[in-house]
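Input: a single structure, listed below in structure tokens.
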Amino acid sequence: MDDLRDKYLGLIGAAEDEAALETLRVDAVGKKGEISLKMRELGKMSPEERQVAGPALNALKDEINSALAAKKAALADAALDARLREEWLDVTLPGRTRRQGTVHPVSQVTEEVTAIFADMGFAVAEGPQIESDELNFDALNMAPDHPARQEHDTFYMSLPEGANRPPHVLRTHTSPVQIRAMQAQGAPIRVIAPGRVYRSDYDQTHTPMFHQVEGLAIDRDISMANLKWCLEAFVAAFFEVDSAELRFRASHFPFTEPSAEVDLRCSWVDGQLKVGEGDDWMEILGSGMVHPHVLRWGGVDPDQWQGFAFGIGIDRLAMLKYGIPDLRAFFDSDLRWLRHYGFGALEVPTLHGGLSR
Ligand code: DAH
């Protein structure tokens, strides 16, 4: 019995896994195990021998069983320890994007533009995509017979029967949000208004729905110089260059006076846009000093307040910055295109963290 105890306790102590333990259990205390066989021999013993051997064998069986249980628990503990050592997770690591879904370049650029102007103190304003004819045109100094109306290939909503007003329109620009923001908030005011706009147009650089961001800054003494600095700072930040050079070209918009179209100094090297250098100029936005008529529509007294406004095409900014050749593909929902040009959902653009990293 002592030999049996030494043998099995030794083997159990040395067992390396649960399978080995199970084999030992069968060999020792299983139906045909060595100890079970010994117990069968009890029948052949004299009563005196049996009285001694019986309890001793039972005690040995119990001892082996508890050694097996203890070893099994120890093996499980060791396995858990090893797993914990192997499978640790550093929760301080930055999130890793799985790129299942991606952020559309238009959303990305909208976020970038918003981050830049927020840093300059501009809040975000919003307006409806179905806009009244009055706010989309009249309030912006485009009376019903104004020729500039024809330049916008406007989508008109159907007019309810008996309605005594012009039909609403799908807004042709984000400029009506200027009026809404001034009416809601008065002056001084500093807002941008990114959003969808609509015009009936379709080719490589035009889609019937596209995106603009409007800017509006009104205060006592805001001048064209402030406009120029603001736009230069914006363009440098957006294209992530040290400085950008802009050219203000006299132009005409009904809602600004004076008005300027703004070109960006750039060059094209192997089809890649380089900003801030080169001999090319590229038109990127319209701007000017807000027309008194527009201020009045917004409930702001033009004898007290003045300021600038601008309008930029968001899709065009995205095409330029990220080298995307055809605007129409933006809205095709082609997964291959989205995966190629999309941005990681966790890479939120910030000025300090990087806009497009
Ligand atoms: N609303 C103009 C357009 O869609 C863009 C624009 C030009 C907006 C000059 C402005 C501005 O605020 O001052 O073509």
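The values are calculated or read from the model by the stated rules, or taken from the named source; none is laboratory data. Small disclaimer: the values here were computed from a predicted structure and weren't measured. Quick reminder, even Gly has a Cβ in these numbers, built from the backbone with ideal geometry, and neighbours come from all protein chains shown.
Computed values, structure above
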{"read-out": "Any hit, segment 66-85, residues being polar (S, T, N, Q) and surrounded by 12 or more Cβ atoms within 10 Å (Cβ to Cβ)", "value": "no"}
{"read-out": "Within segment 197-301, strands (runs of 3 or more DSSP E) holding 2 or more residues that are closer than 26 Å to Asp138 by Cα, within 12 Å of the ligand (Cβ to nearest atom) and not hydrophobic (A, V, I, L, M, F, W, C)", "value": "209-219, 246-253, 256-269, 280-290"}
{"read-out": "Matching option when the condition is assigned by TED's automatic domain parsing to the domain that holds His211 and more than 36 Å from the chain's Cα centre (by Cα), among Leu159, Leu140, Leu170, Leu135", "value": "Leu159"}
{"read-out": "Val29, sole failed condition from (1) exposed (fewer than 13 other Cβ atoms within 10 Å of the Cβ); (2) in contact with a Ser or Thr (Cβ under 9 Å, 6 or more places away or on another chain); (3) not small (Gly, Ala, Ser)", "value": "(1)"}
{"read-out": "Segment 206-226 residues that are within 27 Å of Ala329 (Cβ to Cβ), paired with ones that are within 12 Å of the ligand (Cβ to nearest atom) and among the hydroxyl-bearing types (Ser, Thr, Tyr) (beta carbon under 7 Å, 6 or more apart)", "value": "Pro208/Tyr198; Met209/Tyr198; Gln212/Thr174; Val213/Thr174; Glu214/Thr174; Glu214/Ser175"}
{"read-out": "Check on Gly288, in contact (Cβ under 8 Å) with a residue 24 or more places away in the chain, at positive phi and surrounded by 15 or more Cβ atoms within 10 Å (Cβ to Cβ)", "value": "yes"}
{"read-out": "Residue in segment 237-244 that is over 30 Å from Met157 (Cβ atoms), modelled with pLDDT of 95 or more and among the aliphatic types (A, V, I, L, M) present", "value": "yes"}
{"read-out": "So Pro176, is it within 16 Å of the ligand (Cβ to nearest atom) and in contact with a Leu (Cβ under 7 Å, 6 or more places away or on another chain)", "value": "yes"}
{"read-out": "Number of positions in segment 123-156 that are surrounded by fewer than 18 Cβ atoms within 10 Å (Cβ to Cβ) and touching a Lys or Arg at 6+ places or on another chain (Cβ under 6 Å)", "value": "2"}
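Yes or no, residue by residue, for (1) hydrophobic (A, V, I, L, M, F, W, C); (2) assigned by TED's automatic domain parsing to the domain that holds Leu21; (3) modelled with pLDDT of 95 or more:
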site: Ala53; (1), (2), (3): yes, yes, no
site: Ala56; (1), (2), (3): yes, yes, no
site: Ala59; (1), (2), (3): yes, yes, no
site: Glu63; (1), (2), (3): no, yes, no
site: Pro94; (1), (2), (3): no, no, no
site: Val109; (1), (2), (3): yes, no, yes
site: Val113; (1), (2), (3): yes, no, yes
site: Ile116; (1), (2), (3): yes, no, yes
site: Phe122; (1), (2), (3): yes, no, yes
